[in-house]
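Working notes for the structure below.
The values are calculated or read from the model by the stated rules, or taken from the named source; none is laboratory data. Keep in mind that this is a model prediction, so the values were computed, not measured. When we count neighbours, we look across all protein chains shown, and the Cβ atoms used for this are built from the backbone with ideal geometry, even at glycine. Heavy atoms of the whole protein, side chains included, go into the accessibility calculation; ligands, DNA and RNA do not. Shrake-Rupley method; radii C 1.70, N 1.55, O 1.52, S 1.80 Å.
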Amino acid sequence: MAAASEPVVQSGAPWGPARPEPPPIRFHQVHGANIRVDPSGTRATRVESFAHGVCFSREPLAPGQVFLVEIEEKELGWCGHLRLGLTALDPASLAVVPEFSLPDLVSLGHTWVFAITRHHNRVPREGQSGVEVVAPSRPPILVEPYLRIEQFRIPRDRLVGRSRPGLYSHLLDQLYELNVLPPTARRSRLGVLFCPRRDGTADMHIVINGEDMGPSARGLPAARPLYAVVDVFASTKSVRLVQLEYGLPSLQTLCRLVIQRSVVHRLAIDGLHLPKGLKDFCKYE
């Protein structure tokens, strides 16, 4: 009987009438001095130097909503990579956007940001001491269509990076699926989300190419608006947002999956008798 009284909607119920899907993610108009955001609000590029690249989500994230970015461009000559996290600070309230997310933005408080690494340091569970270093799991990506993070089920399809269409894209795509490429490689997809707990706090999770790195921070204030933070730092020059479908997949997505599974590699899609728009959607998404 106790389980029946739990707040189902707040603890990860499926997206639907009782829990509407969140709006599409966009970048906030407040960002670092060297960032240029495209008119759609979905692509952020650092136009000079290696710093002043801090970006925020336009809206606070919903519980279980993934703020997912794909690394589009890299720039040689710099040491360091993209940084990712959450903040309870309203970007519009900042007099000046800090030069760096680490340590400048974090030092303002109520901010949790990490440099992206393959073996992410995981905060210890209750009753444990020290830092728990967790080797990434190897989920059956081709079998399980959902990534399960605490109480949430997230469609895995778009969480995984994909290579540019080419003769060997079917081989390169497997490297993204197995998450054996460097996490900050071009076309990698990186996401951040938070999962509320019964005590009123939340855990922050970082996802790398469809793989949950575990809770990176605990004790976040779940009742406060939490904005995503992306620092387009150093060798990471440009990122774009990737939209997820949280409810039932659209007919367009189902068609894309069927077509992709019916060809050897994505260049073969050009030979199909399909509208050009659908071909491009199947090749690049």
* To do: Report the accessible area of ILE208, computed with a 1.4 Å probe over the heavy atoms of all protein chains in place, in Å² rounded to the nearest 10.
  => 0
* Specify which residue in the list GLY200, PRO221, PRO182 is farthest towards the positive end of the charge dipole of region 181-285, using unit charges on the beta carbon of Lys, Arg (+1) and Asp, Glu (-1), about the Cα centre. => PRO182
* Structure fact -> Mean Cβ-within-10 Å packing, highest first, puts peptides 77-88, 101-112 in the order 77-88, 101-112
* Structure fact -> Contour minus Cα-Cα span, ALA185 to ALA92, at 0.36 nm per residue, comes to 30.4 nm
* State the answer as a single residue: which of CYS55, SER101, TRP78 lies farthest towards the positive end of the charge dipole of region 50-105, with beta carbon charges of +1 for Lys and Arg and -1 for Asp and Glu, about the Cα centre. => SER101
* Asked: Excluding ligands and nucleic acids, what accessible area in Å² is computed for ASP270 using a 1.4 Å probe, to the nearest 10?
  -> 80
* At LEU108 and LEU251, where each label point lies 7 Å from the Cα along Cα→Cβ, what is the point-to-point distance in nanometres? -> 4.6
